[in-house]
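The values are calculated or read from the model by the stated rules, or taken from the named source; none is laboratory data. For clarity, every value in this text was computed on a predicted model and none was experimentally measured. Glycine gets a Cβ as well: all are built from the backbone with ideal geometry, and neighbour counts include every protein chain shown.
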Amino acid sequence: MTSFPPGNGLSHDKIIADVLVIGSGPGGAVTASMCAEAGKFVVMLEEGDHLSLDSAPHFSREEILQKYRNAGVNIGFGSAKIAYVEGCCVGGGSEINRGLYHRISSDVLENWRRDYRVDALAPSELDPHFAACEEVAQVQYLPGPAPHLSTRLAEGARNLGWACLEVPRLYAYATDIATGSPGRKQSMSETFVPRFMRAGGVVMARTRATRISRVSGSWTVSALSWDGTNRRRLELTAKTVFVAAGAVQTPWLLRRSGVKTNVGNSLRFHPMLKAVALFRDEINIPGELEPVHQIKEFDPRFSMGCSMSKRPALALAMAAHPAMMEAVDRDWRRMAIYYVQSTGGVGKVRSLPGFRDPLVRVELHRLDLKELADGLARLAEVLFAAGAEAVYPSIPGYPVLRSVADIAKLPETISPKQANATALHLFSSCPMGEDKQKCATDSFGRVHGMDGLYIADASLLCGPTVVNPQGTVMAVAHRNVMHAINSGAI
Ligand SMILES: Cc1cc2nc3c(=O)[nH]c(=O)nc-3n(C[C@H](O)[C@H](O)[C@H](O)COP(=O)(O)OP(=O)(O)OC[C@H]3O[C@@H](n4cnc5c(N)ncnc54)[C@H](O)[C@@H]3O)c2cc1C
């Protein structure tokens, strides 16, 4: 699919627009769409390809190669290492995620408002923006029974009296799933991107912004574009630029463009540990819908849920227990992967001369590691309550747990060297707010002291969302761009 066909009247080397949006994930796609509908000529740059939602099966090797940055392998270094995952395609993370959807809690918003001095961020002020996004990208509960590996977690929680819920998804389910396709995930390529294009917006895929500079009262974005064989340098100019390249790439781009105040110093994430549970009966049934249950008993300290548990993912999650590889081949239908996810840990993003990728440094402090260890123990507890025969923590050197009594064998804390944590949710690298000691932008995403330069993605969120973040990324982007449009700033 090409979104920038030759012959549409635009010069390929120098492009002038009213608004440039860098990045087409949930933040960028919502922002670009609203600007185009307000009558602006908007160009949205996207480093990755423009592919349809079903260009590859969900969670397949092909999808990882097509749509994940660096085929899913990105490492944050520090006292502990974190493997983090980012989308790199039109639609960003929304194309590769499960679309599990929450509105953020009023407590978390209240903390952001107080600690970062964010104006107009009360739940009543953000709710209309959640609702506006939900109208375009539908949010639905499963129309039928949840998959076995999901209901099994709910059963365990019920047996322990813990709070557990079915989480709705950004999904338009088919009315009768039994007849075939389950429906369509409401990713950006299915929702806001087509809406943007219908309003006259131009998507330039396979185009990476490399620098932003201020020239004669406008912003110029230098970019590299490629068509598979040839590379071209481009210069795009606009009065207004929204940077929406995600919580790692946005600070990378801004810092290498000389915009450094409170940029890239406060990355936060939800560190996640996994464990494989082996059940007596088959719970991992091919063809079932994606799992949807989450345990909320311990929020905001940590939450638990189900991971995609196809056979290759199981083999990877079981890598810490090599003796089990044959068992994975044989018994994978009796196995499923579950996770615990906390809110601790901080990081910094830096751009190094001569390096193509950002340097991400992460720190998991003593208390963060203790919290994760506690979360892992609780995860094992609920899996046994769900009827697991054995639990295999995905941490090298960790014991196999065969009963609740074995949970006592788990270390009380996790050593930074052993922590095998991953992160799918990244934010807060350029927080918004009026506190200029901490915040990169004002309360509505405009970079402090810079006319016409905005941030419009997960970087703006002032801290961990505790829940899955995409809904909040979209609502905040919608709130901010409507503020810019309505105030006449763009
Ligand atoms: C595997 C996975 C599962 C997840 N599951 C869920 C879930 O179920 N529910 C949920 O709420 N959240 C989930 N998330 C998180 C959610 O996807 C993100 O919070 C969300 O996508 C962030 O949106 P964003 O706009 O900030 O950035 P992104 O979605 O990261 O989009 C940024 C885009 O900018 C592009 N870009 C970067 N640099 C440049 C550049 N220099 N020039 C041009 N383009 C550039 C990138 O290629 C990318 O497409 C998941 C994330 C992952 C990775």
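Does V466 qualify as being modelled with pLDDT of 95 or more, under 30 Å from W112 (Cα atoms) and assigned to a loop (DSSP other than H, G, I, E, B)?
Values: modelled with pLDDT of 95 or more: yes; under 30 Å from W112 (Cα atoms): yes; assigned to a loop (DSSP other than H, G, I, E, B): yes.
Here the answer is yes, as V466 does meet what is asked.
How many residues, within region 130-170, are more than 24 Å from V382 (Cα to Cα), buried (at least 22 other Cβ atoms within 10 Å of the Cβ) and touching an Asp or Glu at 6+ places or on another chain (Cβ under 9 Å)?
The qualifying residues number 2.
Please go through (1) near the ligand (Cβ under 10 Å from one of its atoms); (2) of a type in the set (A, V, I, L, M, F, W, C); (3) farther than 22 Å from I455 by Cβ for A205 and return the number of the only condition it doesn't satisfy.
For A205, the exception is condition (3).
Quick one: which strands (runs of 3 or more DSSP E) sit completely within region 366-458 and have at least 1 residues that are more than 16 Å from the ligand (Cβ to nearest atom) and either among the small types (G, A, S) or touching a helix residue (DSSP H, G or I) at 6+ places or on another chain (Cβ under 8 Å) (or both)? First the steps, then the outcome.
On the way: elements: 388-393, 421-423, 453-455.
It comes to 388-393.
Does region 307-323 hold any residues that are farther than 18 Å from A421 by Cβ and crowded, with 21+ Cβ neighbours inside 10 Å, and which are they? Reasoning before the result, please.
Step one: list which residues in region 307-323 are farther than 18 Å from A421 by Cβ, which gives 309-312, 314-315, 322-323.
Of everything in region 307-323, those that are farther than 18 Å from A421 by Cβ and crowded, with 21+ Cβ neighbours inside 10 Å turn out to be S309, L314.
Of the residues A385, A405, only one is assigned by TED's automatic domain parsing to the domain that holds A327, among the hydrophobic types (A, V, I, L, M, F, W, C), without any contact (Cβ under 8 Å) to a residue 12 or more places away in the chain and farther than 30 Å from T250 by Cα; which?
Numbers: A385 fails: without any contact (Cβ under 8 Å) to a residue 12 or more places away in the chain.
One residue alone meets the criteria, A405.
Taking region 245-270 on its own, how many of its residues are within 14 Å of the ligand (Cβ to nearest atom), in a loop (DSSP other than H, G, I, E, B) and either of a type in the set (S, T, N, Q) or under 26 Å from G305 (Cβ atoms) (or both)? Quick ask: steps written out before the conclusion?
Quick first cut of region 245-270, residues within 14 Å of the ligand (Cβ to nearest atom) only: 245-257, 259, 264, 267-270.
Within this subset, residues satisfying the condition of being in a loop (DSSP other than H, G, I, E, B) are 245-248, 257, 259, 264, 270.
Within this subset, residues satisfying the condition of being either of a type in the set (S, T, N, Q) or under 26 Å from G305 (Cβ atoms) (or both) are 246-248, 257, 270.
So the answer is 5.
What pairs come out if I take residues in region 179-198 that are surrounded by fewer than 18 Cβ atoms within 10 Å (Cβ to Cβ) and pair them with residues that are charged (D, E, K, R) whose C-beta lies under 6 Å away, six or more apart or interchain?
Taking only residues 6 or more apart or on different chains, the pairs are R184/E190.
Being outside any strand (DSSP E or B), under 28 Å from the mean Cα position of the chain (by Cα) and among the hydroxyl-bearing types (S, T, Y), is that true of even one residue in region 324-340?
no
So which of S415, S459, S487, S443 is modelled with pLDDT under 95 and either surrounded by fewer than 16 Cβ atoms within 10 Å (Cβ to Cβ) or more than 17 Å from A373 (Cβ to Cβ) (or both)? Walk me through how you get there before you give the answer.
Values: S459 fails: modelled with pLDDT under 95; S487 fails: modelled with pLDDT under 95; S443 fails: modelled with pLDDT under 95.
Going through S415, S459, S487, S443 in turn, the sole match is S415.
So which of W112, W162 is in contact with a Leu (Cβ under 9 Å, 6 or more places away or on another chain) and in contact (Cβ under 8 Å) with a residue 60 or more places away in the chain? Reasoning before the result, please.
Values: W162 fails: in contact with a Leu (Cβ under 9 Å, 6 or more places away or on another chain).
From the options W112, W162, the qualifying one is W112.
Scan region 103-125 and tell me whether some residue there is within 11 Å of the ligand (Cβ to nearest atom) and not β-branched (V, I, T).
Within region 103-125, the subset within 11 Å of the ligand (Cβ to nearest atom) is 103-104.
After this cut, where a residue has to be not β-branched (V, I, T) as well, the list is 103.
Yes: one or more hits.
Restricting to region 84-100, what's the tally of residues that are more than 6 Å from the ligand (Cβ to nearest atom) and either more than 16 Å from V21 (Cβ to Cβ) or aliphatic (A, V, I, L, M) (or both)?
3
For region 338-345, does any single residue satisfy the condition of being closer than 25 Å to H321 by Cα, in contact (Cβ under 8 Å) with a residue 40 or more places away in the chain and surrounded by fewer than 24 Cβ atoms within 10 Å (Cβ to Cβ)? Break it down into steps so the answer makes sense when it comes.
Of region 338-345, the ones closer than 25 Å to H321 by Cα are 338-342.
Retained after the next criterion (residues that are in contact (Cβ under 8 Å) with a residue 40 or more places away in the chain): 338-342.
Still in the list and also surrounded by fewer than 24 Cβ atoms within 10 Å (Cβ to Cβ): 339.
For region 338-345, residues closer than 25 Å to H321 by Cα, in contact (Cβ under 8 Å) with a residue 40 or more places away in the chain and surrounded by fewer than 24 Cβ atoms within 10 Å (Cβ to Cβ): present.
Which residues, counting only those in region 109-130, are hydrophobic (A, V, I, L, M, F, W, C) and touching a helix residue (DSSP H, G or I) at 6+ places or on another chain (Cβ under 9 Å)?
Initially, region 109-130 is screened for residues hydrophobic (A, V, I, L, M, F, W, C), giving 109, 112, 118, 120-122, 126, 130.
Residues satisfying the conditions are L109, V118, A120, L121, A122, L126, F130.
What is the number of the single condition among (1) touching a Leu at 6+ places or on another chain (Cβ under 7 Å); (2) farther than 25 Å from R61 by Cβ that H365 does not meet?
Unmet condition: (1).
Mind checking which helices (runs of 4 or more DSSP H) fall wholly inside region 112-229 and carry at least 1 residues that are hydrophobic (A, V, I, L, M, F, W, C) and assigned by TED's automatic domain parsing to the domain that holds P464?
On the way: elements: 123-136, 148-160, 192-198.
So the answer is 123-136, 192-198.
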